[in-house]
Amino acid sequence: MKRIFSLGIGLCLLLASCAPPPGETVFQTSTIVALLAGVYDGDTSCGDLLEHGNFGIGTFDRLDGEMIILDGDVYQIKADGKVYQPDLSMKTPFATVCLFEADTHIPLNPGSDYEAIDNLLNTSAPNQNLFYAIKITGEFKQMKTRRVPGQQKPYPPLKEVTRNQPEFEMDNVSGTIVGFRCPAYVKGINVLGCHLHFISDDRTRGGHILSFEIADGSCEVDVLDHYFLKLPAGTQEFAETDLSKDRSPDLEDVEKR
């Protein structure tokens, strides 16, 4: 009995040591290559996501809209252009979250765009092997976003979905950019470089960012040195999909659209 009891204690300690720390951690569900291949059935609930962070991006069950998590609130930006707050039981097939605590504040120049922000991050957050959560607040002279529409089975690959996605242009809008910069070694697991979503201050507009120009704003960066990946083991679609194919060209095409 003593040996069994000791083994049980040891196993509990091992499992506890595998849990991600509460801060400085990127928590991710599923992989970007699975999403590219058409694995759109949700596996993790929004409520579960909030147990791992108050800040993040992703999508929803059946690819029904863009997800933004900001200050612990979950927003669903659908293809109709409207912003909803979904029930926390709604599930996601792909999302990335963290408990946002800014480590660095970066001033931004008026006129800064996607490329300028990318270059600025390379200078101000130069460690390319860490994860960075990015929060930009301010006024935007121009903001162009997309919102993917919900899909029906059999699901088409994401590249086909984005060929017919609704796109929206906003001028002189105030709001917040939420996103992450991921290192090169997570190729096929997450989006390399910057992946950014936007929501307006009045919570009526937003989406996956295609382009933007800042009129006035500031950038906060949270440096993240822990990475926790949860795979959708209970999803039949994930189990039956061939994820060995290199879909990098598809991802580049999807992100630019």
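The values are calculated or read from the model by the stated rules, or taken from the named source; none is laboratory data. Everything quoted here is computed from the prediction, not taken from an experiment. Using ideal geometry, Cβ is built from the backbone for each residue, glycine included, and neighbour counts are taken over all protein chains shown.
Quick check on region 211-245: of everything there that is hydrophobic (A, V, I, L, M, F, W, C) and modelled with pLDDT under 95, which residue is surrounded by the most Cβ atoms within 10 Å (Cβ to Cβ)? Even if it seems obvious, please write down each step before you answer.
Start the filter on region 211-245 by keeping residues that are hydrophobic (A, V, I, L, M, F, W, C), which leaves 212, 214-215, 219, 221, 223-224, 228-229, 231, 233, 238-239, 243.
Of the ones still in play, those that are also modelled with pLDDT under 95 are 233, 238-239, 243.
On the way: Ala233: 8, Phe238: 19, Ala239: 11, Leu243: 13.
For region 211-245, the residue satisfying everything is Phe238.
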Filter pass, Pro110 being in a loop (DSSP other than H, G, I, E, B), of a type outside the set (D, E, K, R) and without any contact (Cβ under 8 Å) to a residue 40 or more places away in the chain: no
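So, in region 113-167, exactly how many residues are small (Gly, Ala, Ser) and under 24 Å from Gln76 (Cβ atoms)? It would help to see each step written out before you state the result.
We begin by selecting, within region 113-167, every residue small (Gly, Ala, Ser); these are 116, 124-125, 133, 138, 150.
From the residues that got through so far, the ones that are under 24 Å from Gln76 (Cβ atoms) too are 133, 138, 150.
Residues flagged as small (Gly, Ala, Ser) and under 24 Å from Gln76 (Cβ atoms) within region 113-167 amount to 3.
Mind listing whichever residues of region 25-66 are farther than 24 Å from Asp242 by Cα and of a type in the set (Phe, Trp, Tyr)?
At the first step, the residues of region 25-66 found to be farther than 24 Å from Asp242 by Cα are 25-26, 45-57, 65-66.
Within region 25-66, just Phe55 meets the criteria.
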Is there any pair with a first residue in region 25-43 that is touching a residue at least 60 places away in the same chain (Cβ under 8 Å) and a second that is crowded, with 21+ Cβ neighbours inside 10 Å and of a type in the set (Asp, Glu) whose Cβ atoms are under 8 Å apart and which are 6 or more apart or on different chains, and what are they? Thr29/Asp43; Ser30/Asp43
Filtering region 46-94 down to residues that are closer than 22 Å to Ala125 by Cβ and among the aliphatic types (A, V, I, L, M) yields Ile57, Ile68, Ile69, Leu70
Which of the residues belonging to region 236-257 are farther than 21 Å from Ser211 by Cβ and not in a helix (DSSP H, G or I)? Thr241, Asp242, Leu243, Ser244, Lys245, Asp246, Arg247
Restricting attention to region 26-49, does a residue exist that is modelled with pLDDT of 95 or more, assigned to a strand (DSSP E or B) and farther than 12 Å from Pro93 by Cα? yes
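Quick one: would you say Gly207 is touching an Asp or Glu at 6+ places or on another chain (Cβ under 6 Å) and closer than 22 Å to Ile106 by Cβ? If you could, list the steps in order and put the result at the bottom.
Working: touching an Asp or Glu at 6+ places or on another chain (Cβ under 6 Å): yes; closer than 22 Å to Ile106 by Cβ: no.
In short, no.
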Do the conditions hold for Asn190, that is, is it within 18 Å of the chain's Cα centre (by Cα), among the polar types (S, T, N, Q) and over 16 Å from Gly65 (Cα atoms)? yes
Of the residues in region 54-67, those that are in contact with a Ser or Thr (Cβ under 8 Å, 6 or more places away or on another chain) and either closer than 18 Å to His226 by Cβ or among the β-branched types (Val, Ile, Thr) (or both) come to Gly56, Ile57, Thr59
Determine whether Gly179 is in contact with a His (Cβ under 7 Å, 6 or more places away or on another chain) and buried (at least 18 other Cβ atoms within 10 Å of the Cβ). yes
